[in-house]
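Trainee: Following this message is one structure expressed as structure tokens.
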Amino acid sequence: MITPIARYGTLAACLFGAAFFLSGAVRHAEREFSANALTYASPVTDIRPLRLRHTIAAMSLEEKIGQMMMVSIPAPTLPDKIAAWLSGHHIGGVVLLGKNVQNRAQIETLIRDMQVRGRTQRMPPFFIAVDQEGGAISRFRFLEEMRPQNALKDTDMAYTAAKRRGEELRKLGVNVNFSPVVDVAESTNNFIRDRAFGGDAAQVAALGSAMIRGYQDADVIAVPKHFPGHGGTMVDSHRRLPTITRDQAAWDEHLLPFREASAARAGMMMTAHVLAPAIDPENPASISPAFGRILREDIGYSGIVITDDLAMGAISRSYGIPDAAVRAASAGADILLAVEALEQYDGIYQALLAAVRRGDIGAVRIDASVMRILALKEAFLKK
């Protein structure tokens with residue numbers, strides 16, 4: 001295995017400069033489009049890949065960009081104005097926050113309203129996502145399966161917890177869970193320690209993979225996070241940008257859970273707002289072409305890459321959120337997640353459209369993301 005530091009460390013500046021990345025982007029995207037985007041298709045006799053290509057060819061650029069955005073809404077109900085904005089921008093996904101949740105009946109109504117009134121009817125259903133990790137990070141406090149990750153001590157417990165939690169979420173209409181946390185955080189000083197499994201990389205990898213299988217057996221898309229791992233830092237990326245320094249052995253350790261998550265066929269994987277100067281001295285992992293290539297080429301992940309919230313302090317203190325969204329898409333992210341005021345989303349949407357029209361992001365690159373999105377929706381979502 002060619003390890004990240006060996007591949008990217010000493011030559012980072014020349015290998016991942018803008019000229020190299022842009023010159024190879026189309027060829028890389030074409031490989032992904034033809035080979036990796038169809039993870040959830042059946043064998044070669046399946047006609048879905050051809051049908052999805054026809055669907056994408058018929059979509060406008062505005063529809064494609066909308067499918068790549070995951071947004072929040074401001075209230076526990078869906079006013080006509082917000083429903084019209086969602087459908088008018090062809091938005092592909094909504095993340096539910098604490099402000100959206102009152103009780104079981106209310107959240108079921110909200111999700112049903114979004115799927116009926118909030119989406120463009122010629123587009124597939126929304127990804128409806130939530131942070132339901134168990135323990136303290138749980139948007140739905142009324143669910144029965146609430147065990148935190150650090151209470152799950154073996155793979156049977158991890159699988160069972162995820163399967164039961166997934167079944168409860170699916171009954172509500174949720175189809176994406178931002179879980180499990182697969183950061184390796186053995187130190188008690190690590191800010192994400194209370195949300196992680198505990199134990200070494202092998203334990204985290206095994207427990208995380210078991211949870212992925214449990215969620216997805218319940219028809220809920222698992223989202224292991226946060227690639228390439230927050231382990232080793234006390235800085236909370238909600239506030240500031242953490243910097244991680246790892247030797248080769250540490251990189252091998254921290255990437256192992258993500259390798260196993262890829263092998264477990266996780267539907268999505270979330271990137272972290274962390275800076276690793278040995279690999280990319282300029283860009284946090286969530287907007288880094290270098291880390292995008294590690295995830296696709298070294299780890300071999302072929303599912304959907306989603307950013308962590310681009311409005312978090314680690315990004316928003318240094319970048320405008322529309323600019324960060326463009327950078328993330330250029331680096332290979334398929335879905336741009338941002339928790340913002342509704343009026344701010346127009347800036348993200350227009351910035352992405354402009355970047356494609358200028359040629360800063362290739363049309364083939366966008367089509368590769370939309371192919372992954374449509375393929376995953378077809379595999380997990382019911383119309």
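The values are calculated or read from the model by the stated rules, or taken from the named source; none is laboratory data. The shown structure was predicted, so the numbers you read here are calculated from the model rather than taken from an experiment. Note: ideal-geometry Cβ built from the backbone for every residue, glycine included; neighbour counts use all protein chains shown.
Trainee: Return only the number of the condition from (1) part of a helix (DSSP H, G or I); (2) free of Cβ contacts under 8 Å to residues at least 40 places away in the same chain that Leu310 does not satisfy.
Mentor: All conditions pass for Leu310, except number (1).
Trainee: Considering (1) in contact with a Gly (Cβ under 8 Å, 6 or more places away or on another chain); (2) of a type in the set (A, V, I, L, M, F, W, C); (3) more than 24 Å from Leu50 (Cβ to Cβ), say which one Leu376 fails and leave the rest.
Mentor: (3)
Trainee: Now for a different question. State whether the residues of the range 261-268 include one that is at pLDDT 90 or above, in a loop (DSSP other than H, G, I, E, B), of a type outside the set (D, E, K, R) and surrounded by fewer than 22 Cβ atoms within 10 Å (Cβ to Cβ).
Mentor: First, the residues of the range 261-268 that are at pLDDT 90 or above: 261-268.
Subset that is in a loop (DSSP other than H, G, I, E, B): 264-267.
With of a type outside the set (D, E, K, R) added as a condition, the list becomes 264, 266-267.
Narrowing the set further to residues that are surrounded by fewer than 22 Cβ atoms within 10 Å (Cβ to Cβ) leaves 264.
Among the residues of the range 261-268, at least one is at pLDDT 90 or above, in a loop (DSSP other than H, G, I, E, B), of a type outside the set (D, E, K, R) and surrounded by fewer than 22 Cβ atoms within 10 Å (Cβ to Cβ), which makes the answer yes.
Trainee: Also, quick follow-up: Could we say that Gly134 is touching a residue at least 24 places away in the same chain (Cβ under 8 Å) and on the phi > 0 side of the Ramachandran plot here?
Mentor: Details: touching a residue at least 24 places away in the same chain (Cβ under 8 Å): yes; on the phi > 0 side of the Ramachandran plot: yes.
Judged against the criteria, Gly134 is a match.
Trainee: How about the range 281-300: which of its residues are surrounded by fewer than 24 Cβ atoms within 10 Å (Cβ to Cβ) and assigned to a loop (DSSP other than H, G, I, E, B)?
Mentor: If the condition is that a residue be surrounded by fewer than 24 Cβ atoms within 10 Å (Cβ to Cβ) and assigned to a loop (DSSP other than H, G, I, E, B), then Pro281, Glu282, Asn283, Ile299, Gly300 are the ones that fit.
Trainee: Would you tally the residues in the range 97-118 being surrounded by fewer than 13 Cβ atoms within 10 Å (Cβ to Cβ), outside any helix (DSSP H, G or I) and either within 23 Å of the chain's Cα centre (by Cα) or among the aliphatic types (A, V, I, L, M) (or both)?
Mentor: 0
Trainee: Continuing with the same structure: Please verify whether the range 212-221 includes one or more residues that are of a type in the set (D, E, K, R), out of contact with any Leu (no Cβ under 6 Å at 6 or more places or on another chain) and buried (at least 18 other Cβ atoms within 10 Å of the Cβ).
Mentor: Within the range 212-221, the subset of a type in the set (D, E, K, R) is 213, 217, 219.
Now narrow it down to the ones that are out of contact with any Leu (no Cβ under 6 Å at 6 or more places or on another chain): 213, 217, 219.
With buried (at least 18 other Cβ atoms within 10 Å of the Cβ) added as a condition, the list becomes 213.
Yes, the conditions are met somewhere in the range 212-221.
Trainee: Say whether the condition of being modelled with pLDDT of 95 or more, part of a helix (DSSP H, G or I), closer than 22 Å to Asp217 by Cα and within 21 Å of the chain's Cα centre (by Cα) is met by at least one residue in the range 188-204.
Mentor: There is at least one residue in the range 188-204 that is modelled with pLDDT of 95 or more, part of a helix (DSSP H, G or I), closer than 22 Å to Asp217 by Cα and within 21 Å of the chain's Cα centre (by Cα).
Trainee: Is at least one residue of the range 343-350 part of a loop (DSSP other than H, G, I, E, B), β-branched (Val, Ile, Thr) and in contact with a helix residue (DSSP H, G or I) (Cβ under 8 Å, 6 or more places away or on another chain)? Quick ask: steps written out before the conclusion?
Mentor: Our first condition is that a residue be part of a loop (DSSP other than H, G, I, E, B); within the range 343-350, this holds for none.
Looking through the range 343-350, none of the residues is part of a loop (DSSP other than H, G, I, E, B), β-branched (Val, Ile, Thr) and in contact with a helix residue (DSSP H, G or I) (Cβ under 8 Å, 6 or more places away or on another chain).
Trainee: OK, next. Consider the range 313-335. How many of its residues are in a loop (DSSP other than H, G, I, E, B) and at pLDDT 95 or above?
Mentor: So in the range 313-335, the residues in a loop (DSSP other than H, G, I, E, B) come out as 317-320, 331-334.
Adding the requirement that they be at pLDDT 95 or above leaves 331-334.
The total comes to 4.
Trainee: Also, quick follow-up: Got a sec? Which of Asp236, Asp252 is at pLDDT below 80 and surrounded by 14 or more Cβ atoms within 10 Å (Cβ to Cβ)? First the steps, then the outcome.
Mentor: Numbers: Asp252 fails: at pLDDT below 80.
Unique residue meeting the criteria: Asp236.
Conditions tested, residue by residue: (1) aliphatic (A, V, I, L, M); (2) in contact with a strand residue (DSSP E or B) (Cβ under 9 Å, 6 or more places away or on another chain).
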position	(1), (2)
Ala276	yes, yes
Ile279	yes, no
Glu282	no, yes
Asp309	no, yes
Gly313	no, no
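Trainee: When the residues of the range 142-156 are filtered to those that are touching a residue at least 24 places away in the same chain (Cβ under 8 Å) and either on the phi > 0 side of the Ramachandran plot or part of a helix (DSSP H, G or I) (or both), which remaining residue is surrounded by the fewest Cβ atoms within 10 Å (Cβ to Cβ)?
Mentor: So, considering only residues that are touching a residue at least 24 places away in the same chain (Cβ under 8 Å) and either on the phi > 0 side of the Ramachandran plot or part of a helix (DSSP H, G or I) (or both), the one surrounded by the fewest Cβ atoms within 10 Å (Cβ to Cβ) is Asp156.
Trainee: Right, another one. For residues that are in contact with a helix residue (DSSP H, G or I) (Cβ under 8 Å, 6 or more places away or on another chain) and in a strand (DSSP E or B), scanning just the range 269-280, find the one that is nearest to Ser330 (Cα to Cα). Reasoning before the result, please.
Mentor: We begin by selecting, within the range 269-280, every residue in contact with a helix residue (DSSP H, G or I) (Cβ under 8 Å, 6 or more places away or on another chain); these are 269, 271-276, 278-280.
Pick out the ones that are also in a strand (DSSP E or B) and you get 269, 271, 275.
Working: Met269: 17, Thr271: 14, Leu275: 17 Å.
Ranking the candidates gives Thr271 first.
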